[in-house]
Each structure stands twice: as structure tokens, then as C-alpha cells.
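Remarks on the structure that follows.
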Amino acid sequence: MKFFCDGLFDSYFLLEKSSLKTLISFLCTRNLPGSFECFCRDGFRMEGDSCLDVDECASGNGGCHHHCINTEGSFRCQCNDGFVVSAEDERMCEDHDECGVDNGGCQQLCVNKQVSGR
């Protein structure tokens, strides 16, 4: 395998069997004649000549209040039923007020409970 940086796209290419394949998880710096350095984008780690996805959820649940969902190069937090991801902190979950929309479907009084109640 032979590696090189293409200054036009500032991305990393792998030349193998006379075909180019762009590896979008790589970036190049100091693209000088005969020399370059490659590093992985955020959310990936270098292993040998490859960038592998970092599982942010494997350590401390990714900082998520309820559930951590690992994605390619990133992660997202998900909440238990009756909760929503906070608009102020995407790692935190807050109670979803089911009564706030259409009186929660109740004909009389809707009383929001701390876990999906009416």
C-alpha cells in the first residue's frame, strides 16, 4: 500500500492496486513535497494505518443521563420513555409533560406525573 495526500482536497487517500479510495476519517497536515502527516478526525482513533471509530459510550455512558447510542464518529444520548433530551444539555434527560399538548388526550384534568402519566 502507498499513502499520499492530495492538496486539492486535503484528504487522505489510499493507493492500492492502481485505484484511489478516499478515507474520509483521515485528514492530512503539512502536505509538503515528499512529506505529509495524517491524523484522524474527531470521533476516530489511529490504529496502524487506519482510523477506527471511538465508542464514546464505552466510558461513563458517554456522559449521557439515560442511554448512549454510539454512531460512526460520534454518539447521541437517548432518554427513557416519558423523558426527552434537554434542549439546554443534550446529555441530560428531563420529564416530558404529556399534558402540555392537547391536555394529554384527557377529557377532564390532566396531571403530569414524573414518568409518562396522565
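Points worth noting:
- Extending 7 Å from the Cα toward the beta-carbon at both residue 81 and residue 53 defines two label points whose distance is 2.7 nm.
- Residue 71/residue 103 FRET efficiency (R0 30 Å; Cβ-Cβ; nearest 0.05): 0.25
- Prolate/oblate/rounded call for the range 56-105, Cα gyration tensor, a/c under 1.5 rounded: prolate
Read the figures in this text as sums done on the coordinates, not as results from a lab. Here the structure is a predicted model, which is why all the values come from computation and not from measurement. Cβ atoms come from the backbone with ideal geometry, glycine included; neighbour counts cover every protein chain shown.
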